[in-house]
Amino acid sequence: MVETVIFIFEIIGTIAFSISGAIVAIEKKMDVLGVMILGLTTGVGGGVIRDVVIGNTPAQAFISPIYSLISIVVALIIFLPPVREWVMKENKFFQSFLLITDSIGLGIFTVVGIATAYAVVPEHGLFLLVFVGTVTGVGGGVMRDIMAGNTPYIFVKHFYACASIIGALVCSFIWDMVGSVPAMFVGTGTVVVLRILAATFRWELPRAE
């Protein structure tokens, strides 16, 4: 049951992040290879970093290539001229769509990172769980932004990494009390709600001007 939920979560998160990666590549006017690579990097990058951190090697993305395949296929679909033109033309819808997909991906990968740490690391403290969850959530996006030549999203956009950290804390705290599956749903929901509220009400951390 838990394995099935994690697998479904990972597929949804991979699709969501691959969409955001492909859209960033299209905004940068990259060719089809660049769109595929940014979609792939965003879709599986956080999981690769997570697996290296906890010593779960080879990384899951290389053992189960379905995640990489899904990332590439989704990126190619976004690159198709009718889809690409529609996405770029409907700018307001595109911004909302990107926010929602990116928030879902962030929430899902945050809790999947925690679930993986629980499964792989016998002695998992709260710091490890939250760190691994956050890295899994934001890692792919950081790699995407660096490759696209942008300042990483987590350093400049409203409440991004903080939403992942809070969601990871909530998920980790209630994991043993309510069970793994409810904790993952609550953790994901926490991240998504915080991201949407932050975007709606312009929550910002103090920054250097």
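I'm trying to understand the selection: among the residues of the stretch 69-89, which are of a type in the set (A, V, I, L, M, F, W, C) and either over 20 Å from Leu99 (Cα atoms) or at pLDDT 85 or above (or both)?
Leu69, Ile70, Ile72, Val73, Val74, Ala75, Leu76, Ile77, Ile78, Phe79, Leu80, Val83
Tell me, yes or no, whether the stretch 136-153 has at least one residue that is farther than 21 Å from Gly21 by Cβ and either out of contact with any Gly (no Cβ under 7 Å at 6 or more places or on another chain) or among the hydrophobic types (A, V, I, L, M, F, W, C) (or both). First the steps, then the outcome.
Initially, the stretch 136-153 is screened for residues farther than 21 Å from Gly21 by Cβ, giving none.
Checked the stretch 136-153: no residue is farther than 21 Å from Gly21 by Cβ and either out of contact with any Gly (no Cβ under 7 Å at 6 or more places or on another chain) or among the hydrophobic types (A, V, I, L, M, F, W, C) (or both).
Please name all residue pairs, on different chains or six or more residues apart, with Cβ atoms under 7 Å, provided the first residue is in the stretch 113-142 and is in contact (Cβ under 8 Å) with a residue 24 or more places away in the chain and closer than 14 Å to Ala168 by Cα and the second residue is of a type in the set (D, E, K, R) and part of a helix (DSSP H, G or I).
Gly113/Arg50; Thr116/Arg50; Val132/Arg50; Val135/Arg50; Thr136/Arg50
Name the one entry in Val142, Val130, Val135 that is within 14 Å of Gly187 (Cβ to Cβ) and either among the hydroxyl-bearing types (Ser, Thr, Tyr) or part of a helix (DSSP H, G or I) (or both). Talk me through it step by step, then tell me what you get.
Details: Val142 fails: within 14 Å of Gly187 (Cβ to Cβ); Val135 fails: within 14 Å of Gly187 (Cβ to Cβ).
Just one listed residue meets the conditions, Val130.
Yes/no per residue for (1) modelled with pLDDT under 95; (2) under 21 Å from Val24 (Cβ atoms); (3) touching a Leu at 6+ places or on another chain (Cβ under 8 Å):
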site: Val130; (1), (2), (3): no, no, yes
site: Gly133; (1), (2), (3): no, no, no
site: Thr151; (1), (2), (3): yes, yes, no
site: Phe155; (1), (2), (3): yes, yes, no
site: Tyr160; (1), (2), (3): yes, yes, yes
site: Ile166; (1), (2), (3): no, no, yes
site: Val191; (1), (2), (3): no, yes, yes
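Looking at the stretch 99-128, which of the residues that are modelled with pLDDT under 90 and touching a Ser or Thr at 6+ places or on another chain (Cβ under 6 Å) is farthest from Ser164 (Cα to Cα)?
Thr101
Filter the stretch 187-206 down to the residues that are surrounded by fewer than 18 Cβ atoms within 10 Å (Cβ to Cβ) and either in contact with a Lys or Arg (Cβ under 6 Å, 6 or more places away or on another chain) or free of Cβ contacts under 8 Å to residues at least 40 places away in the same chain (or both) and list them by number. Break it down into steps so the answer makes sense when it comes.
The initial filter retains those residues of the stretch 187-206 that are surrounded by fewer than 18 Cβ atoms within 10 Å (Cβ to Cβ), namely 189, 193, 196-197, 200-206.
If the condition is that a residue be surrounded by fewer than 18 Cβ atoms within 10 Å (Cβ to Cβ) and either in contact with a Lys or Arg (Cβ under 6 Å, 6 or more places away or on another chain) or free of Cβ contacts under 8 Å to residues at least 40 places away in the same chain (or both), then Val193, Leu197, Thr200, Phe201, Pro206 are the ones that fit.
Given the residues Val178, Val138, which is the only one that is of a type outside the set (Asp, Glu) and more than 14 Å from the chain's Cα centre (by Cα)?
Being of a type outside the set (Asp, Glu) and more than 14 Å from the chain's Cα centre (by Cα) holds for just one of Val178, Val138, which is Val178.
Tell me yes or no: at least one residue of the stretch 32-41 is touching a residue at least 40 places away in the same chain (Cβ under 8 Å) and of a type in the set (Gly, Ala, Ser).
No, that holds for no residue.
Go through the stretch 145-168 and give me each residue that's among the polar types (S, T, N, Q) and in a helix (DSSP H, G or I).
Ser164
The values are calculated or read from the model by the stated rules, or taken from the named source; none is laboratory data. As the structure is a computational prediction, the values presented were derived from the model and not from experiment. Note that we place each Cβ from the backbone using ideal geometry, even for glycine, and neighbour counts take in every protein chain shown.
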